[in-house]
Number of protein chains: 2
Amino acid sequence: MKESWSAFDTFEPHFRPLVVIELAKDTKEETKEWLTQRIEDKKKNGGAQLLVKPLAKEDGGKIDGNENIYLVGASYLRLLLGAETVGLVKECNDNSMRTFTYSSRKTFKDFAEDNHNFLTMSECQYIIKHELENLRAKDEKMIPGYPQAKLYPGKSIVRRLLTNGILIQFFPLHDKEELKKLRHIWYSRVKISFQPLDEIRCYFGETIALYFGFLEYFTFALVPMALIGIPYYVFAWEDYDKYVMFASFNLLWSTVILEVWKRCCARMTYRWGTLLMKRQFEEPRPGFHGVLGINPVTGKEEPVYSSIKRQLRIYLVSLPFVCLCLYLSLYVMMIYFDMEQLALDYHEENETSFSNLMLFVPSIIYAVVIEIMNRIYRYAAEFLTSWENHRLESSHQNHLILKVLVFNFLNCFASLFYIAFVLFDMKLLRQSLATLLITSQILNQFAEALFPYWLQKRHNKKIKKRMCASKMDSDLSLFEQINMEKEMGTYLGTFDDYLELFLQFGYVSLFSCVYPLAAVFAVLNNITETYSDALKMCKIFKRPFSEPTANIGVWQLAFETMSVISVVTNCALIGMSSQVNAIFPESKTDLILIVVLVEHILLAMKFVMAFLIPDKPRDIQIKLARLEFESLEALKRQQIKLAAESLKDETHEGKKRI
Amino acid sequence: MKESWSAFDTFEPHFRPLVVIELAKDTKEETKEWLTQRIEDKKKNGGAQLLVKPLAKEDGGKIDGNENIYLVGASYLRLLLGAETVGLVKECNDNSMRTFTYSSRKTFKDFAEDNHNFLTMSECQYIIKHELENLRAKDEKMIPGYPQAKLYPGKSIVRRLLTNGILIQFFPLHDKEELKKLRHIWYSRVKISFQPLDEIRCYFGETIALYFGFLEYFTFALVPMALIGIPYYVFAWEDYDKYVMFASFNLLWSTVILEVWKRCCARMTYRWGTLLMKRQFEEPRPGFHGVLGINPVTGKEEPVYSSIKRQLRIYLVSLPFVCLCLYLSLYVMMIYFDMEQLALDYHEENETSFSNLMLFVPSIIYAVVIEIMNRIYRYAAEFLTSWENHRLESSHQNHLILKVLVFNFLNCFASLFYIAFVLFDMKLLRQSLATLLITSQILNQFAEALFPYWLQKRHNKKIKKRMCASKMDSDLSLFEQINMEKEMGTYLGTFDDYLELFLQFGYVSLFSCVYPLAAVFAVLNNITETYSDALKMCKIFKRPFSEPTANIGVWQLAFETMSVISVVTNCALIGMSSQVNAIFPESKTDLILIVVLVEHILLAMKFVMAFLIPDKPRDIQIKLARLEFESLEALKRQQIKLAAESLKDETHEGKKRI
């Protein structure tokens, strides 16, 4: 073992571990050898041409845990070529963003043959992840040592290893120095300033930076609503004029912020290069299974699964199941209202401070029950979506998000709709809204960050004790660091974080004219949310792989849909308010017609505004047009050269004929 | 003159005239020489490398009309290279569609070095138009002979000649044989069958073929509505159930047909290759003017015009003007209603068959006035949009279409809205709808095809008389043909044809539940419309340049908007019907709430359906994905080759170090 180590060291003096591969404890020797050989093998032999090194204690002592942990790195040149393969976009010397190619490397800003910081560590890790996942079987029929783990030409080896449980996980390493710096400027100091989004992006990648960017943007966007909401609460303004003004402001404001976000997002992702990144052809997701067939797009052998079968599963099983869950959720809601009535009766009988407290109990219980149901439903939705067997990760994600969104929406807002439009009880609506909002915020903060943080702390202590080390975090050796990180939880993506913001947006906008204070609570929550999410990313979870992305995807649509629904609910609420009803004492019909008219005008205005506000700022549009123009020009120059050559021959011939 | 002729003939034995250039009668000799020299010059010298030949009588006699008419053609090789420049997409031997390149020409279906039909005549003409328009000034400061016609490097020469009145027009030649064949299969025989869309596309290009495709599709799509509408009219079904059924069917049907059209359109334009065609960089439109500056996208010198100035013109002049016109139009409408009342009073007083006839007079007058106002407004809109000075032809077109659409919509439908929702007079609504629909259809058919056809016939006769020829159409010499064609009207694009269909769609869908027979009239009109439009294209107008297009553009949006508005109007009409009112005798409030609820559900269903129905059929999606995949693969292969080479060097170096 020692020889190969030193061989590595000689070969690549700057071996920098980037990604950790953890194989199962009982992995056979031949499998390990085959895998490392495949990873190290030359590109032309179908390998990944990366560097692999088994993890060992610094003092050369025996490892008492899992011995099958490998570190993966790559030479600087290999990384640069990988950057070209994944289509990374970097800034050039003339400040424009261009797709990186090895041959044009000298035109890029900060590039130098010995500047190993040209690619950020998370970019290097993304490249290595891409190369590992694209390490494909050649003529192997199975994974050596595991006859049941079938392979066929073109099958991703890493994915087969994962589905067969041989590969437990592979994850990128934290960079302790960088992380410390990031923590310091991000959340260690208590200060009012913007988040260091560019640094977050360098360390965690675009998807996560974009989430924090959206969180920050959204918080700032809520501030005007919160500021206007406070006097409404303090002075109990309930005049008709001010009421309508506040709601109208909210409705138009929510359209504006969503449109302007697209522009901010485009500006950010242009700076990060992901706006220009070309989409790669999507491979089937790891969990996808089917009989071996020919993919009509690639013409390659891969599992195929009938689209009709999938449609049947979706419409005959998933859809009824989701409807059943929605019904169940409505049923629980009705129980809640019975409880509420009981509490009210009790309070009226006794009128003590205890009975007054009891009034809040049903709401709190209901909020807790909702949280529990949400979590159970999530498992079911994930199971069902896996079972639907979508070929692409994106389509899997969209179906999952749709299922979860609908259920969460109903769960959170059905009771409020019921109170508002069936019971017509504005006082109860306001109270329920406040209770639901605040309870769910507290629960979320607790469940999401503080509880796992406490668990993690306890766990880390245990590990450190086992290692008999009283050193500080930053003094941990690589061996200890990896052993600690591999036990950390895996960050499952930004889904839950966006969902939380989505529901919060619902609380703020759907019934904004009834409870103007909602925006205030949302702003306060988001400030602490920023800190707890930052803590979560830096302290609790393994470092996630960076994931390039150009926008927040389906969430933009979800937020826009919510803002359309909020126009309808707010108009209805205003129409039902006693102040407005007092204006039309005679004819309720006129009132309704006017409300409907106003609603339609507002909806039309929303659509016109969404149409008129360009999705990208003008300077970004010009930069994009410039890039497109340049590539067209390059093509044209090439064609003119060819044309000139061909026509020269022809003219020559023609002259000869004369 | 004779020598240069024979030189041409020797040089290119198959000179086929494709495009005609007509210069002003008094064009200076040096200008003509310079222009022909520039057109014939080699590509590398900045010329267009096309063939030019002055028009002369077959018998060599003197021309008594305009002598400055030139014929433009090109060698076959030049056309093939031009096809590559404009990015033409053709079918390959393996039935897939690919961008044509000269080097891969052998892989294309029907390609042979001597098969001059590989490119259709309209494709050749499009290529020549593209080359002529892209003939740009080099170091000329002005057009020789015209010091006032300034040029600067990169300015399109043809456009400068056009704006200075030196070039009167340039148009593609008709192909008498092909046209005869097309006429025969298109409309000469009276038969029930689909239109020969592929042949129309070959002769007139994609934009016009797509219009006829849409017209045909739309007519077929209206048939179910017409079939269901007839029994409603015949049996005077006005029960609540059937009423609602018909309207609901209409609403969902209109969504379905618009979504399915996108799929049909994608299938057609894939077959024609335009779905895959890359958009070229847009040059400023001919009428655009401004001070000379630097374009931020191309970095080239060209006129620039401040975007703020344009915005000011739009919002401070155009918008108020449009609003004024809309107000005027409403004012005229009110006068119409006064007249209508007068006629009604007269009828009630007299009750003769004359007074009965008089009842229709106001509607007819109003319809005629609307047509006249429309036409005046069109001139104003075109003037204003030119004055707004848009840089791009597409943005100019969009602003023009928007102005004209809004005015036409109000003009045609305001009176109907007034009758329906202010007067609540369903009988009058039905009668006005019928009168407006039928009058405007008859007027349009007359103004659009029959009247110009008659004018053209008379004009042709005069020309033929002047030429003292009693020959048939097909026996005309090239000289006579060109002299006849250059006097023909210019087809101004599909705008008016689409507008007519758009308004017809409005008549059919907005008030469908009141007048179910509208669809029947629309179907009948569209059948004759197909014939009169075909006649118009083949007989009345100059052949238009083919214009590649992948969809019907802004019209898709316009039709979709109309179908959203029709949900609102139909729901309101049903809510107002006496049958529905009879169900809720007590509470009008409940009725309105239910109608509003139904309307919201229908709107939501429309959006969900539009979202769920994919815009492209599955097989087209797969073909597009396959093309994208292939280009990605080609890129990757290139990169892997490069990577392998680079890494070979590195490994070599590494070994040396060991």
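Confirm whether A:TYR232 is within 30 Å of A:PRO516 (Cβ to Cβ), modelled with pLDDT of 85 or more and open to solvent by 10 Å² or more (accessible area, probe 1.4 Å).
In short, no.
Based on this model, can you work out whether A:TYR187 counts as of a type outside the set (A, V, I, L, M) and farther than 30 Å from A:GLN37 by Cβ?
yes
Which pairs have Cβ atoms under 6 Å, sit 6 or more apart or on different chains, and link a residue in the range A:592-612 that is within 12 Å of another protein chain (Cβ to nearest Cβ) and at positive phi to one that is open to solvent by less than 50 Å² (accessible area, probe 1.4 Å) and in a helix (DSSP H, G or I)?
Correct list of pairs: empty, since none qualify.
Let me spell it out: the conditions are (1) modelled with pLDDT of 85 or more; (2) open to solvent by less than 30 Å² (accessible area, probe 1.4 Å), and A:ILE463 meets all of them except one. Which number is the exception?
For A:ILE463, the exception is condition (1).
Do we have any residue at all in the range A:275-291 that's more than 14 Å from every other protein chain (Cβ to nearest Cβ) and modelled with pLDDT of 90 or more?
No, the range A:275-291 has no match at all.
How many residues does the range A:390-432 contain that are buried (at least 20 other Cβ atoms within 10 Å of the Cβ) and among the small types (Gly, Ala, Ser)?
Number of matching residues: 3.
Restrict the check to the range A:66-85 and report whether at least one residue is exposed (fewer than 14 other Cβ atoms within 10 Å of the Cβ) and under 30 Å from B:VAL297 (Cα atoms).
Scanning the range A:66-85 turns up no residue that is exposed (fewer than 14 other Cβ atoms within 10 Å of the Cβ) and under 30 Å from B:VAL297 (Cα atoms).
So which of A:TYR305, A:TYR336 is open to solvent by less than 30 Å² (accessible area, probe 1.4 Å), of a type in the set (Ser, Thr, Tyr), over 30 Å from A:VAL89 (Cα atoms) and not assigned by TED's automatic domain parsing to the domain that holds A:ASN164?
Among A:TYR305, A:TYR336, only A:TYR336 is open to solvent by less than 30 Å² (accessible area, probe 1.4 Å), of a type in the set (Ser, Thr, Tyr), over 30 Å from A:VAL89 (Cα atoms) and not assigned by TED's automatic domain parsing to the domain that holds A:ASN164.
Just give me the residues in the range A:102-129 being among the β-branched types (Val, Ile, Thr) and surrounded by fewer than 18 Cβ atoms within 10 Å (Cβ to Cβ), in sequence order.
Correct list: A:THR107, A:THR120.
Among what's in the range B:518-550 and is more than 30 Å from B:GLU22 (Cα to Cα) and among the aromatic types (Phe, Trp, Tyr), pick the residue that is modelled with the highest pLDDT.
Among them, the one singled out is B:PHE521.
Would you pick out the residues in the range A:613-625 that are in contact (Cβ under 8 Å) with a residue 24 or more places away in the chain and either surrounded by fewer than 16 Cβ atoms within 10 Å (Cβ to Cβ) or among the hydroxyl-bearing types (Ser, Thr, Tyr) (or both)?
Result: A:ILE613, A:PRO614, A:ASP615.
Any idea which of A:VAL554, A:VAL523 is β-branched (Val, Ile, Thr), over 15 Å from the mean Cα position of the chain (by Cα) and surrounded by fewer than 22 Cβ atoms within 10 Å (Cβ to Cβ)?
A:VAL523
Check the range B:438-454 and report whether any residue there is touching a helix residue (DSSP H, G or I) at 6+ places or on another chain (Cβ under 8 Å) and not in a helix (DSSP H, G or I).
So far as the range B:438-454 goes, no, none of its residues is touching a helix residue (DSSP H, G or I) at 6+ places or on another chain (Cβ under 8 Å) and not in a helix (DSSP H, G or I).
The values are calculated or read from the model by the stated rules, or taken from the named source; none is laboratory data. All values derive from a computational prediction rather than experimental measurement. With ideal geometry, Cβ positions are generated from the backbone for all residues, glycine too; neighbour counts draw on all protein chains shown. For the accessible areas, the whole protein counts, side chains as well, though only heavy atoms, and no ligand, DNA or RNA atoms are used. Shrake-Rupley method; radii C 1.70, N 1.55, O 1.52, S 1.80 Å.
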